[in-house]
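Trainee: Shown below is the structure under consideration.
The values are calculated or read from the model by the stated rules, or taken from the named source; none is laboratory data. A quick note: this is a predicted structure, and the numbers were derived from the prediction, not measured. Please note: Cβ atoms are built from the backbone with ideal geometry, for glycine as well, and neighbour counts cover all protein chains shown.
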Amino acid sequence: MKDSLNMMKEESDNSSQPSTSSVFTPRRILILCVTTFVFFMTWCCAAMWAPFFPGEAAERGVSSTEVGFIFGTYSLGAVVASLIYGPFVIPRTGPNYVLVAGLFLNGVINLMCGFGDIIEDHVPFTIFFFIMRAVGSLGGAACETSIVVILTQEFPGHLPIIMGFLEIAAGLGFTAGPVIGGMLHALGGFRLPMLAVGVTMLLFVPMIWILLPRKDYSTKGNDSSRIQLFKQMVGIPGILIMCLCAFLCMASLTFLDPTLQNHAEKFGMDSRDVALLFLSLAAPFIFTSPVAGFILSKKSWGKTFIVIGLFGNAISLLFCAPAPFLTSFVPERTVWVLVLSLVAVGFYNGLYLVPVLPEMFQFSYEKGWQESIELSSFISGLFTGFTNLGAFFGAVIGGILDDHFGFSWTTVIISSLSLAQGFLTSIFFAYHCCRYERQPLDSDHEEDIDVEIEV
């Protein structure tokens, strides 16, 4: 049996590119708003624990390392799940069922976590939240991956705009989640954040089911052919570099989850104050993402933004503690230095995360891939997988490093990784620009890939 990527080209050619007016209908705009909000809630529920959970866990004898693993369990499970959903499950079943099932599962898990405070012993408390975060990651990855596929299929030819919306929603959820969690915890204790998010997600299940178009997104093909195509996808150097950038962006943010509260306690801050610290990280991210998306819709500056963001992030992280070698001229334990450095970290990460996903599609187009559900599913799986892998790495390594070396050296190590990635990405972009002429994202791609698979 022969299976080929020409099937994807035929699917793309058979459907003419719709005009903007025909694409942005009221129903599709409503779908965009609702799915984007679900995307936001998915990231929010994963990140909102940061201002209060480490303190609740510490009261039961849970160390920073264990808290880091609890935070990271969600991300690690999402890595595995998204790399299965994207290439294999969604092309076979379609994203509708995956989204509804994932949203329902995530809502139920959050409700169950809300009653975890009744567990007082160290070991049962740790095991319970390990399991809850692991199972919840299956629902979170299902929501993220399927929403990307649905929107790229519903809005053909408008990839930068749609991806900009999703990345802004993810960034908002991830950075504003701790703010929301801290505020709700201050108002109603441990249970209120969990119950509020869980109920909200369950309320959106019937709405999503009603709004989703009754169209067959699934494609023909077998698992062996999809594995072969997926291997080709991950073999594209530009896509791997972008995956590493997405990985490092999330690691630069998530290492603060198990560490920032303990560092803030040295300033006498409570959970409400820690929530405001996370707000200083979230606010510039929220501002930068749409501005960067608007600029990138007019100018092809994605690679420039990525390089500037990586180096800017590396420098900003050094001032968070500050780094031990900066204490001679940077005041220690000064709130305004911490706030300004967090503002800079949020700004630079927002600047370079927005262009990552469009650049992944651009690199695939240059290798002859055509717009299709296969391409959307594969890239969605990779992007979701590596962002969650970065979130896992940041949370776990952040907790371990904080236990052994303290917050100051932890920021130095994460900064060094961002600096190294900045040099690697700069060298690759310089090499790439010398070899390839950039093509517009919405242009027709004349080159095609023909992969024959014998079964």
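Trainee: Would you mind telling me which numbered condition in (1) part of a helix (DSSP H, G or I); (2) within 29 Å of Pro206 (Cβ to Cβ) Trp49 fails?
Mentor: It fails just one condition, (1).
Trainee: With the structure loaded, tell me whether Val179 is surrounded by fewer than 21 Cβ atoms within 10 Å (Cβ to Cβ) and modelled with pLDDT under 85 or whether it fails that test.
Mentor: Criteria not met by Val179.
Trainee: Is there a residue being modelled with pLDDT of 85 or more, closer than 18 Å to Leu83 by Cβ and either surrounded by 15 or more Cβ atoms within 10 Å (Cβ to Cβ) or more than 23 Å from the chain's Cα centre (by Cα) (or both) anywhere in the stretch 184-192? Quick ask: steps written out before the conclusion?
Mentor: Taking the stretch 184-192 as the starting set, the residues that turn out to be modelled with pLDDT of 85 or more are 184-192.
Next cut, closer than 18 Å to Leu83 by Cβ only: none.
No, every residue in the stretch 184-192 fails to be modelled with pLDDT of 85 or more, closer than 18 Å to Leu83 by Cβ and either surrounded by 15 or more Cβ atoms within 10 Å (Cβ to Cβ) or more than 23 Å from the chain's Cα centre (by Cα) (or both).
Trainee: Can you name every residue in the stretch 282-324 that is over 29 Å from Cys434 (Cα atoms) and in a helix (DSSP H, G or I)?
Mentor: Selection gives Ala282, Ala283, Pro284, Phe285, Ile286, Phe287, Thr288, Pro290, Ser316, Leu317, Pro324.
Trainee: Going through the stretch 112-156 one residue at a time, which ones are assigned to a helix (DSSP H, G or I) and more than 23 Å from the chain's Cα centre (by Cα)?
Mentor: Within the stretch 112-156, Met112, Gly116, Asp117, Ile118, His122, Val123, Pro124, Phe125, Thr126, Ile127, Phe128 meet the criteria.
Trainee: Since Leu382 meets every condition but one in (1) surrounded by 23 or more Cβ atoms within 10 Å (Cβ to Cβ); (2) more than 27 Å from Gln153 (Cβ to Cβ); (3) not β-branched (Val, Ile, Thr), which condition does it not meet?
Mentor: (2)
Trainee: Among the residues in the stretch 364-379, are any among the polar types (S, T, N, Q), in a helix (DSSP H, G or I) and without any contact (Cβ under 8 Å) to a residue 40 or more places away in the chain? Give the steps one after another, and end with the answer.
Mentor: Pass one, the stretch 364-379, residues among the polar types (S, T, N, Q): 364, 370, 372, 376-377.
Adding the requirement that they be in a helix (DSSP H, G or I) leaves 364, 376-377.
Those left that are additionally without any contact (Cβ under 8 Å) to a residue 40 or more places away in the chain: none.
No, because not a single residue in the stretch 364-379 is among the polar types (S, T, N, Q), in a helix (DSSP H, G or I) and without any contact (Cβ under 8 Å) to a residue 40 or more places away in the chain.
Trainee: Could I ask something else about it? For the stretch 52-79, enumerate the residues that are part of a helix (DSSP H, G or I) and either of a type in the set (Gly, Ala, Ser) or within 18 Å of Val149 (Cα to Cα) (or both).
Mentor: Correct list: Gly55, Ala57, Ala58, Ser64, Gly68, Gly72, Ser75, Gly77, Ala78, Val79.
Trainee: Regarding the stretch 285-292, can at least one residue be identified that is of a type outside the set (Lys, Arg), in contact with a His (Cβ under 7 Å, 6 or more places away or on another chain) and either crowded, with 18+ Cβ neighbours inside 10 Å or touching a residue at least 40 places away in the same chain (Cβ under 8 Å) (or both)?
Mentor: No, the stretch 285-292 contains no residue that is of a type outside the set (Lys, Arg), in contact with a His (Cβ under 7 Å, 6 or more places away or on another chain) and either crowded, with 18+ Cβ neighbours inside 10 Å or touching a residue at least 40 places away in the same chain (Cβ under 8 Å) (or both).
Trainee: In the stretch 65-78, which residue that is within 14 Å of the chain's Cα centre (by Cα) and buried (at least 24 other Cβ atoms within 10 Å of the Cβ) is farthest from Ala47 (Cα to Cα)?
Mentor: Filtering the stretch 65-78 for residues that are within 14 Å of the chain's Cα centre (by Cα) and buried (at least 24 other Cβ atoms within 10 Å of the Cβ), the one farthest from Ala47 (Cα to Cα) comes out as Ala78.
Trainee: Still on this model: For the stretch 244-281, what are the residues that are assigned to a helix (DSSP H, G or I) and among the β-branched types (Val, Ile, Thr)?
Mentor: Within the stretch 244-281, the subset assigned to a helix (DSSP H, G or I) is 244-254, 260-267, 271-281.
Result: Thr254, Val274.
Trainee: For the condition buried (at least 24 other Cβ atoms within 10 Å of the Cβ) and of a type outside the set (Ser, Thr, Tyr), what is the one hit in Gly102, Gly116? Before you say what the answer is, go through the steps one by one.
Mentor: On the way: Gly116 fails: buried (at least 24 other Cβ atoms within 10 Å of the Cβ).
After ruling out the rest, the residue left standing is Gly102.
Trainee: Does the stretch 329-337 contain any residue that is in contact (Cβ under 8 Å) with a residue 12 or more places away in the chain, assigned to a helix (DSSP H, G or I) and under 23 Å from the mean Cα position of the chain (by Cα)? If you could, list the steps in order and put the result at the bottom.
Mentor: So in the stretch 329-337, the residues in contact (Cβ under 8 Å) with a residue 12 or more places away in the chain come out as 333, 335, 337.
Now restrict to residues that are assigned to a helix (DSSP H, G or I): 335, 337.
Pick out the ones that are also under 23 Å from the mean Cα position of the chain (by Cα) and you get none.
The answer is no, given that none of the residues of the stretch 329-337 is in contact (Cβ under 8 Å) with a residue 12 or more places away in the chain, assigned to a helix (DSSP H, G or I) and under 23 Å from the mean Cα position of the chain (by Cα).
Okay, residues lined up against (1) surrounded by fewer than 24 Cβ atoms within 10 Å (Cβ to Cβ); (2) assigned to a helix (DSSP H, G or I); (3) among the hydroxyl-bearing types (Ser, Thr, Tyr):
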{"residue": "Ala391", "(1), (2), (3)": "no, yes, no"}
{"residue": "Gly398", "(1), (2), (3)": "no, yes, no"}
{"residue": "Asp402", "(1), (2), (3)": "no, yes, no"}
{"residue": "Leu417", "(1), (2), (3)": "yes, yes, no"}
{"residue": "Phe423", "(1), (2), (3)": "yes, yes, no"}
{"residue": "Ser426", "(1), (2), (3)": "yes, yes, yes"}
{"residue": "His432", "(1), (2), (3)": "yes, yes, no"}
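Trainee: Have a look at Thr42, Thr73, Thr93 and point out the one that is hydroxyl-bearing (Ser, Thr, Tyr) and modelled with pLDDT of 90 or more.
Mentor: After ruling out the rest, the residue left standing is Thr42.
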